[in-house]
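Bear in mind that the values in this text are calculations on the coordinates, not laboratory data. Please read all numbers here as calculations on a predicted model, not as lab measurements. Here the Cβ positions follow ideal geometry from the backbone for every residue, glycine too, while neighbour counts run over all protein chains shown.
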Amino acid sequence: MSDAFGGNIVIPRKTMVLFFIIDTSGSMEGAKIGAVNQAIREVLPEIKDMSDDNTDAMIKIAALDFSSGARWITANGPVDAGDLTWNNLDAAGTTDLGHAYRTLAEKLSVSKGFMNEAMGSYAPALFLLSDGDPTDDWKGGLDKLRENNWYKAAVKVAIAIGEEANKDVLKEFTGSKETVIEVRNSATLLKMIKKVSVRASQVASQGAKSTDPNKDPNVIKQEELGNTLQEISNEIAASPDTGEPEW
């Protein structure tokens, strides 16, 4: 778009933050955390391109890892995907998911957290990855998180890594079994993280698609994401990675 003098007009965009919440407990050691590191590093350029092409929303990344405690990888706030250098995460310790939930809730805030962009923010996308059972008070942490309006409005997805992952716990986070995906090997995990990251960002940064004006737009987005995840799962299942050891 140009102004009356022929110059380009930059239309301000809202921000949508994609939050990675990553289990780095000891059981993630080896191929699991390796696939997570590789997938996030490889998907960042795709998210940057998607953000550059999105006329409505700028997409930024925030990342939180948890084991014996929780810490922000992006401690200074969400980062443009093109500016984020992903350093490999190591795996050790317990699975303090409740601590992670409380830490996330603190930053899902305009006044004191990561949702304070000057032009405003879309509801975020929350992407949880875990391979086991929580070792702390995860229910108390989730209760605290559920009080947060940004969490209520967010699109939420989780990947259950391996057969030991507690899918019921993850379903409590996302709100439905359709938005919890189980993966059993590193090749599938790599593909799934990349595809889900992109699709969750797309859904969260666009308007809800519905002909029902009385339906909550946030519910519509979550349902749309669930349908899309099923399509992604079917697509990956149609081309299995034979020879990959399963967890």
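Please list 81-92, 173-184 highest first by mean number of surrounding beta-carbon atoms within 10 Å per residue.
Per-residue Cβ counts within 10 Å, averaged per peptide and sorted highest first, yield 173-184, 81-92.
Measuring spread by the Cα atoms of the range 14-237 yields a radius of gyration and Dmax of 16.0, 48 Å.
Peptide packing for 44-50, 156-162 was compared via the average number of neighbouring C-beta atoms within 10 Å per residue; ordered from the highest value, the list is 156-162, 44-50.
Take the Cβ-Cβ distance between residue 85 and residue 112 as r, set R0 to 22 Å, and report the resulting FRET efficiency rounded to the nearest 0.05. Present the calculation step by step, with values, prior to reporting the outcome.
Working: r = 26 Å, r/R0 = 1.19.
My answer for the efficiency is 0.25.
What the phi angles of the range 160-166 give under the Karplus curve with 6.51, -1.76 and 1.60, with θ = phi - 60°, is a coupling list of 8, 9, x, 6, 7, 5, 8 Hz, glycine and proline written as x.
Charged side chains reduced to their Cβ positions (Lys and Arg at +1, Asp and Glu at -1) give the chain a dipole of some 620 debye around its Cα centre.
Add -39500 (n - 2.57) for each DSSP H run of 4 or more in the chain, then divide by its residues: what number comes out at 222 nm, to the nearest 500 deg cm²/dmol?
Details: 7 runs with 96 residues, N = 247.
So the helix-based figure for the chain works out to -12500 deg cm²/dmol.
Of all DSSP-defined beta bridges confined to the range 14-237, some 20% are antiparallel rather than parallel. Pairs exceeding 26 Å between alpha-carbon atoms, taken from 60/167; 144/191; 112/177; 60/191; 32/152: 60/167; 144/191; 112/177; 32/152. For the listed peptides 59-65, 29-35, a ranking on the average number of other beta carbons within 10 Å per residue, highest first, reads 59-65, 29-35.
Which net charge results for the neighbourhood of residue 101, defined as the other residues with beta-carbon distances under 13 angstrom from its beta-carbon, given Lys and Arg at +1 and Asp and Glu at -1? Within the 13 Å Cβ shell, the charges total -2. Dipole of the range 14-237 computed with +1 at Lys/Arg Cβ and -1 at Asp/Glu Cβ about the Cα centre; of 43, 120, 84, farthest Cα towards the positive end is 120.
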